[in-house]
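Scroll down for the structure; my scribbles are underneath it.
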Amino acid sequence: MSRLILVSNRVSTPKARGDEVSQGGLAVALSAALRETGGIWFGWSGETIETFSGEINRQSADGVTIATVDLEPQDVDEYYNGYANRTLWPLFHYRIDLAEFDLQFGAGYERVNDRFAATVAPLIEPDDIIWVHDYHLIPLGQRLRRKGLRNPMGFFLHIPWPPYRLMTALPFHRRLVESILEYDVIGFQTSEWLDSFRHYLVTEMGLKIDGDILVYRGRRIKLGAYPIGIDGAQLDRMVTTHNAQEAFKTVRRSAPNQKTVIGVDRLDYSKGLIERFQGYRYFLEHYPDWHSKVFLLQIAPPSRGEVHTYEDIRKQLDELSGRINGAFAHVDWVPIRYVNQAYPRDGLTGFYRASDVALVTPLRDGMNLVAKEFVAAQDPEDPGVLILSKFAGAAEAMGRALLVNPHSKEQISKALERALTMPLSERRDRWEALNDVVRKEDVTAWRDTFLADLRQAEDKLFFATPP
Ligand code: ADQ
């Protein structure tokens, strides 16, 4: 079988096999695929260097080769903090109000994609297949084609694809979309994001799509939805660890007569944290019987601190959680425990299992793995209830959760009341259906379906776009 070349902005550094806590399910699944066929995982080292040299840092462990490159500080500003996280991330999460359109960002984005292509191309052999990940690297395939590479290339987008009209608000949107059409397989998390992409191709570019195949300049491109998932077996092991059991006990002991509602998110405006706190406040106002009987444990480690909108949201959340606690707390009860900290992954599973309800209410999310982790970590005899935003990709297959509009404090509040009083039989019923989905649509199924389609591309004749 041909070797696999993975490219993503950041790579997961090799760990001893079995070090499950520091490597997420995605990294484990991708590393396993690399081990099977051999290959390389390439990305940015996370380090900067004064002048870009293209020198590759190589590390091999456990049969996986990791190759990284350092970028210039200006690259990081314009490509990573700029175009990726201040232009594409907000726009693709429907936050055009937060998107910054700056020519310098666009230039930096293209420069870094060129630098990635120049650095990785010499490592690629004619028989390799290439899988590029996420919004940081959309034009990478095109840049590799320009270097004469004819290998099968796939691209997977981890975040939503925006609706057609939103996409057209991006200056030079067509240039970005044309670059994506150099891949042989283009994958999205859900059929909703895929439909938005198709809508763009048909309406803006006048292209015709036959089933899931787009014929473009004499090439056949497969378009698909590949829902990402978790590694269920890995989660089952983590939930039995000492860390998980300690975390479980800490929550249960800290409030023996209170129900726990949990939220776990990177501190990001797309996760709907402000709206979630407002929904919880509305619940406290409208269901005073629940005072002293429930608390919200919100775990939200800061991310992307260099981007000012992330500082803003952090300030707003500090203030809002403080105000809610100030208004409702008693000497022996604090309604919100707001923790700005990352936890080891196994500890998190203990928190999930100790919780009665999860509030997963992003305003938009490509998929959302926290929803799946929460479900998988439950005790089948006495499972907790998932409240899930309709606007998370995860909602497409997880219809047995209590689905809410995350903008509606009334809906969040009602769903909380319903979840906290739900009879055991209904909880079990819903949980079983959700758990089936989580176990079936797991990270292995995601990886294998995508790679199978990419390998199919290998079997057919593809013609690279003429220069
Ligand atoms: P994210 O936006 O990061 O990922 P998500 O899918 O929820 O969102 O994944 C977050 C991961 O980080 C989860 O595995 C979670 O356990 C972990 N995590 C969150 N808070 C943590 C904390 N306090 N401590 C430790 N770990 C924490 C992007 C997209 C998603 C998509 C994924 C995968 O935005 O929509 O599901 O990629 O494709």
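Here are a few things to note about the model shown:
- Once the stretch 284-325 is narrowed to residues that are β-branched (V, I, T) and within 16 Å of the ligand (Cβ to nearest atom), the residue that is farthest from Q258 (Cα to Cα) is V307.
- Hey, R276 assigned by the TED database to the domain that holds S408, away from the ligand (no atom under 16 Å from the Cβ) and modelled with pLDDT of 95 or more or not: no
- The stretch 276-311, residues that are surrounded by fewer than 17 Cβ atoms within 10 Å (Cβ to Cβ) and assigned to a helix (DSSP H, G or I): E285, H286, P288, D289, H308, E311
- Unique match (being at pLDDT 95 or above and within 13 Å of the ligand (Cβ to nearest atom)) among E410, E373: E373
- Taking every residue in the stretch 363-381 that is over 23 Å from S408 (Cβ atoms) and pairing it with any residue that is in a helix (DSSP H, G or I) and among the small types (G, A, S), at least 6 positions away or on another chain, the pairs with Cβ-Cβ distances below 7 Å are K372/A394; A376/G232.
- Pair list, Cβ under 9 Å, 6 or more apart: the stretch 131-159 residue at pLDDT 95 or above, other residue within 13 Å of the ligand (Cβ to nearest atom) and among the β-branched types (V, I, T): D134/I159; Y135/I159; F156/I228; H158/I228
- Residue in the stretch 62-75 that is part of a helix (DSSP H, G or I), modelled with pLDDT of 95 or more and crowded, with 18+ Cβ neighbours inside 10 Å present: yes
- For the stretch 349-366, a residue qualifies if it is surrounded by fewer than 24 Cβ atoms within 10 Å (Cβ to Cβ) and under 23 Å from E192 (Cβ atoms), and the qualifying residues are L363, R364.
- Check on E50, loosely packed, with under 14 Cβ neighbours inside 10 Å, assigned by the TED database to the domain that holds S196 and under 30 Å from A244 (Cβ atoms): no
One line per residue, one yes/no per condition, for (1) in contact with a strand residue (DSSP E or B) (Cβ under 8 Å, 6 or more places away or on another chain); (2) assigned to a strand (DSSP E or B); (3) within 14 Å of the ligand (Cβ to nearest atom):
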| position | (1), (2), (3) |
| --- | --- |
| P171 | no, no, no |
| R198 | yes, no, no |
| P227 | no, no, yes |
| L235 | no, no, yes |
| E246 | no, no, no |
| N257 | no, no, no |
| G263 | yes, yes, yes |
| S270 | yes, no, yes |
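- For the stretch 326-348, the set of residues classified as touching a Ser or Thr at 6+ places or on another chain (Cβ under 7 Å) and more than 14 Å from the ligand (Cβ to nearest atom) consists of H330, W333, I336, listed by residue number.
The values are calculated or read from the model by the stated rules, or taken from the named source; none is laboratory data. Keep in mind it's a predicted model, so treat the numbers as computed, not measured. Using ideal geometry, Cβ is built from the backbone for each residue, glycine included, and neighbour counts are taken over all protein chains shown.
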